[in-house]
């Protein structure tokens with residue numbers, strides 16, 4: 001049977017770590033890309049031990065293994081966009097920089113993951129942070145730091161919208177092509193886009209929800225998915241922000257920590273009643289259950 005009967009969806013390459021709770025990292029990225037009718041392929045940078053309560057330990061992928069994953073993927077498919085998340089150490093960051101130089105892929109989104117929002121383990125070592133600042137962010141199309149990450153990368157303390165703008169301008173001075181500073185945890189949850197020439201402030205109401213695990217990963221992968229379809233940066237950022245807002249609104253608790261976003265809120269269906277299942281050609285029938293004694 002032919003493999004070309006149906007149109008191939010946009011392909012997004014994800015380079016990130018694995019979160020076993022599947023609220024963040026590669027699992028969240030893949031759900032987000034699927035929700036945008038894209039197809040995700042992934043290279044794993046680290047295996048974490050974590051739950052909704054936080055990160056307990058990080059087990060990085062060796063740089064040579066990450067390189068082999070990336071080489072195998074691009075030998076087979078041509079990504080329309082790239083989303084880079086957790087890198088764990090400088091070796092992996094250097095592999096990704098070399099990979100981008102060699103492949104010349106476009107629509108590259110870098111979410112500069114440095115620490116978990118829940119605290120605990122560093123998700124990128126100190127030399128990796130330095131490499132990201134000096135080399136990697138020059139090679140991507142847009143970076144999406146939160147306020148804490150933007151402060152670390154720019155060296156500017158951020159307390160308000162003016163601080164967000166100053167940090168974004170500093171990051172562009174240091175080589176970034178475009179910056180989205182995410183202010184979701186500030187008193188007024190504004191985001192700010194600076195494309196090197198214009199500032200766009202994106203307002204919004206705070207969502208009163210504890211189900212926010214993986215918001216940064218989800219925003220960056222939604223942005224990559226939008227860029228993969230050919231949208232411009234400004235429109236892609238606006239659509240990604242709206243998607244994350246709605247996914248938080250529909251979020252749900254899964255454990256004892258911050259809950260998950262509902263990445264598939266657009267496709268809700270009412271669940272079948274317990275004890276009922278669908279039998280083809282015969283409608284709905286009670287499921288067989290053990291008789292009570």
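Where does each of 204-214, 41-51 land if you order them by average Cβ count within 10 Å, highest first? The partial results should precede the final answer.
Details: 204-214: 17.5, 41-51: 21.3.
By packing density, highest mean first, the sequence is 41-51, 204-214.
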- Message: I want to check the label-to-label distance for residue 209 and residue 253. Put each point 7 Å from Cα in the C-beta direction and report it in nm to one decimal.
- Response: 1.5 nm
- Going highest first, how would you order 154-161, 19-26, 257-264 by mean Cβ packing within 10 Å? 19-26, 257-264, 154-161
- Arrange the peptides 75-81, 133-139, 87-93 so that the one whose residues have, on average, the most other Cβ atoms within 10 Å appears first. 87-93, 133-139, 75-81
- Message: So, R0 is 30 Å and r is the distance between the beta-carbons of residue 49 and residue 173; what FRET efficiency does that work out to, to 0.05?
- Response: 0.20
- For the chain, longest principal axis from Cα atoms; helix 233-249 axis from its Cα atoms; angle between them, nearest 10 degrees, is 50 degrees
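Label the range 22-160 by shape, choosing from rounded, prolate and oblate, from the square roots a ≥ b ≥ c of the eigenvalues of the Cα gyration tensor; if a/c is under 1.5 it is rounded, and otherwise prolate applies when a/b is larger than b/c, oblate when it is not. Let's see the in-between values first.
Details: a/c = 1.40, a/b = 1.24, b/c = 1.14.
Rounded.
Values in this text are rule-based calculations from the coordinates and carry no lab data. In this text the structure is predicted, and so the values were computed from the model without any measurement. FYI the Cβ positions are ideal-geometry reconstructions off the backbone, even for glycines, and counts take in every protein chain you see.
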